[in-house]
Amino acid sequence: MTTLRADAERNRGLVLEAARAVFAEHGLEAGVAEVAERAGVGVATIFRRFPTKDDLLAAILEDRVREITELARNAASLREFMVSAAAVHMADRGFCDSVDGEVFARPELQQGRQEVRTIVAKLLRRAQREGEVRKDVTVDDLPVILLGVARSAPPDDWRRYLEFALAGLRPQ
């Protein structure tokens, strides 16, 4: 029985690693069959552990939300956070595409999202106090700006477009 548990845990790791890569490369259009092929397991193996594609997606999104939370916690400035968060979004189409989707309504993802919002709000208030960001910018404006760049900028030139967006946040 221990062998089966170790095998199941190994397969879970392979599935999550493959899912991260497949969804990052191909976005939400990617199928579970493609994940199974990349992981070297059967589709049934995935569905035993993750009954729906959204369950699989939620599992990998939890990791991304934790990553974004750590970026926010460790950022020395709002600008640093925005650049590092944009880099994560640009490298992972699946994450970028799912941020405002139904899967993010799950409590475990909403909790992480709220934590990020709270930390980023502090970064924003500090930037506003220091005169780096206009007073009329709200914490809810920042994801719109971030996603606007991540979803529309050319992949090889996104930093340039993010700089344009960040420049627009500065006081006149």
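Structure above, values below:
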read-out	value
Residue within region 37-60 that is surrounded by fewer than 15 Cβ atoms within 10 Å (Cβ to Cβ), of a type in the set (A, V, I, L, M) and assigned by TED's automatic domain parsing to the domain that holds Pro154 present	no
Criterion: assigned to a loop (DSSP other than H, G, I, E, B) and farther than 27 Å from Ala21 by Cα - qualifying residue of Asp156, Asp100, Asp136	Asp136
Residue match in region 94-108 (condition: hydroxyl-bearing (Ser, Thr, Tyr), at pLDDT 95 or above, surrounded by 13 or more Cβ atoms within 10 Å (Cβ to Cβ) and on the phi < 0 side of the Ramachandran plot)	no
Subset tally (residues that are under 30 Å from Ala36 (Cβ atoms) and among the acidic types (Asp, Glu)) for region 71-98	2
Arg170 vs. criteria in a helix (DSSP H, G or I), assigned by TED's automatic domain parsing to the domain that holds Val88 and surrounded by fewer than 17 Cβ atoms within 10 Å (Cβ to Cβ)	no
Hits in region 86-119 (condition: without any contact (Cβ under 8 Å) to a residue 24 or more places away in the chain and farther than 17 Å from Thr69 by Cβ)	Ala105
Close pairs (8 angstrom Cβ cut-off, 6 or more residues apart or separate chains): within 16 Å of Glu29 (Cβ to Cβ) in region 47-61, loosely packed, with under 15 Cβ neighbours inside 10 Å and modelled with pLDDT under 95 anywhere	Lys53/Gly31; Asp54/Glu102
Hey, Arg20 over 21 Å from Leu142 (Cα atoms), touching a Gly at 6+ places or on another chain (Cβ under 9 Å) and in a helix (DSSP H, G or I) or not	yes
Filter pass, Arg66 being in contact with a helix residue (DSSP H, G or I) (Cβ under 8 Å, 6 or more places away or on another chain) and in a helix (DSSP H, G or I)	yes
Number of positions in region 23-40 that are touching a residue at least 24 places away in the same chain (Cβ under 8 Å) and either assigned to a helix (DSSP H, G or I) or of a type in the set (Val, Ile, Thr) (or both)	8
Some residue of region 48-60 being over 16 Å from Leu109 (Cβ atoms), of a type in the set (Val, Ile, Thr) and part of a helix (DSSP H, G or I)	no
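Rundown of residues vs (1) of a type in the set (S, T, N, Q); (2) at pLDDT below 95; (3) surrounded by 18 or more Cβ atoms within 10 Å (Cβ to Cβ), yes/no style:
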| site | (1), (2), (3) |
| --- | --- |
| Ser77 | yes, no, no |
| Val137 | no, no, yes |
| Leu142 | no, no, yes |
| Ile145 | no, no, no |
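The values are calculated or read from the model by the stated rules, or taken from the named source; none is laboratory data. Since this is a predicted model, take the numbers as computed values, not measurements. Methodologically, a virtual Cβ is constructed for each residue, glycine included, from the backbone with ideal geometry; neighbour enumeration extends over all protein chains shown.
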